[in-house]
Amino acid sequence: MASAIANIGKVPELRRRILFTLFILAMYRVGVFITIPGVNRVEMSHVVTRGGTGSFLGMFNMFSGGALQQLSIFTLGIMPYVTSSIVMQLLTVVVPKLDQLNKEGEQGRRRINQLTRYGTVLVAIVQSWVAASWVESLSKGGAEVVANPGLGFHLLTVLTMTTGTVVIMWLGELITDQGIGNGSSLIIFAGIVAAMPDALTRFLAGGGSNNVGGLTVLFMLVLVIGTIAAICYFERAHRRIPVQYTKRQVGRKMYSGAQSYLPLKINVSGVIPPIFASSILMFPAQLAHMSGSRIMEEFASVLHPADWRYNAIFTVLNVFFAFFYTSVVFNPVDVADNLKKSGGFIPGIRPGKNTAHYIERVLSRITFAGALYLSVVCMIPALLQKYMSVPFSFGGTGLLIVVGVALDTVQQIESHLITRNYEGFAGPKGPRIRGRVAARPR
């Protein structure tokens, strides 16, 4: 590990990419603290803090890197771009023209990326208008967040927030092209990691009380380390399906068929299922807060992260979105066709339709296990707060994102080192660090 870190400085291109990535992330963190004109950031900070880390506001504030608490120009963060990307992936499956563009190679992907950018702007405009209306409604509850509410504030908020989202999208693409790692993921990663010192300080302080003893701190430390180890294990875990290739003749020579395997990730969907499930379950509470309806408030009180009904619904939604998103990004029929065209087959399984059914059956089983793993990891913080009264504010979803993005980035750095004849992080005899994306046969 130490030699691999030392080797990073010996590769000029890798060193330049890492420094460039850190510089872009620093620019993003500076922009988080630029507040929209006409907003009282102190009052806004009190509103978000009163909501708690398990609320909709707390989750939104976490993904925006604390920008919501500042009501800055980067309040929407990278989420409009992520939303637009997911919608485009879904439309690629439904709309034949987009599916054709996706199969046209680099030129088609550029066209889809351009449409994704346009979709990001539209999503940002809608979300910023809703955010402006919500901030103005806070004045009715006694929080004077906006100095001069009205149409002018709405237009200014839409302009600044949408521009901030476009800038973040541009920064993310710069990191992807000229830096190291995935730009969008690293921006979310930077926002979550920036909140770690404050969350750790509040945890050690016991939230201002004296009910957190040394044994509790030790137990939490062991639990966090164990959770991170479990996330690393499941994110790197694959189900290997053996693949045999037929013999082929080149000229007068006959070459024996090679043996390989098809790796299927246990967690193909990543953190998309818990994000969608949490957003849906937190939406009724937000509606109740904005409408003031007693019926909505009673219904929203049931959907609390520490309630068993919330956890049951969360698990069901998590499983649903895991299967749904996996079916979108992974098509067993295409994989079976590609295997057949390349002369590969699964031993004991007929090529074509039978191979597709076999891959789909295996994928369904490991996807269900992956969805349960996501549910358990995401529910741990809420259960700790309820049954142990531990002021642990770092959610399981954020922990999943941090560990997953860190694995991806380390895997890319290791790839740069190995291609230049340097040892990776695991050493010359150690296993390669695998990212979150499973390889597919072409």
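Out of Ile36, Thr92, Leu151, whose Cα points farthest toward the positive end of the dipole of the stretch 1-194 (charges: +1 Lys, Arg; -1 Asp, Glu; placed on Cβ)? The listed residue farthest towards the positive side: Thr92.
Residues in the stretch 12-24 carry Karplus couplings, in order, of x, 5, 5, 4, 5, 5, 5, 5, 5, 4, 5, 5, 5 Hz; the curve used is 6.51 cos²θ - 1.76 cosθ + 1.60 with θ = phi - 60°, and Gly or Pro positions show x. Note that the stretch 151-159 has calculated 3J(HN,Hα) couplings of 5, x, 5, 4, 5, 5, 5, 4, 5 Hz, one per residue in order, obtained from phi through the Karplus relation 6.51 cos²θ - 1.76 cosθ + 1.60 (θ = phi - 60°); glycine and proline are x. Sorting Trp170, Trp308, Trp129 by the number of Cβ atoms found within 10 Å of their own Cβ, with the fewest placed first, yields Trp308, Trp170, Trp129. How would you classify the stretch 1-194 from its alpha-carbon gyration tensor, with a ≥ b ≥ c the square roots of the eigenvalues: rounded for a/c under 1.5, else prolate if a/b is greater than b/c, otherwise oblate? Here the stretch 1-194 falls in the oblate category.
Placing +1 on each Lys and Arg Cβ and -1 on each Asp and Glu Cβ, with no other charges, gives the stretch 1-194 a dipole about its Cα centre of roughly 380 debye. Radius of gyration over Kirkwood radius for the stretch 83-202, both on Cα atoms: the Rg/Rh ratio is 1.08.
Taking other C-beta atoms within 10 Å as the exposure proxy, Leu264, Leu101, Leu91 rank Leu91, Leu101, Leu264 from fewest upward.
With Cα atoms as the point set, the stretch 67-151 shows a radius of gyration and Dmax of 17.7, 56 Å. What the phi angles of the stretch 114-128 give under the Karplus curve with 6.51, -1.76 and 1.60, with θ = phi - 60°, is a coupling list of 5, 5, 5, 5, 4, x, 4, 5, 5, 4, 5, 4, 5, 5, 5 Hz, glycine and proline written as x. Seen through its C-alpha gyration tensor, with square-root eigenvalues sorted a ≥ b ≥ c, the stretch 143-192 comes out oblate because a/c lies at 1.5 or above while a/b is not bigger than b/c. Cβ crowding within 10 Å ranks Tyr373, Tyr233, Tyr28 as Tyr233, Tyr373, Tyr28, fewest other Cβ atoms first.
Read-outs: derived from the displayed coordinates by stated rules, not from any lab. Since the structure is predicted, the reported quantities are computational estimates derived from the model, not experimental observations. When we count neighbours, we look across all protein chains shown, and the Cβ atoms used for this are built from the backbone with ideal geometry, even at glycine.
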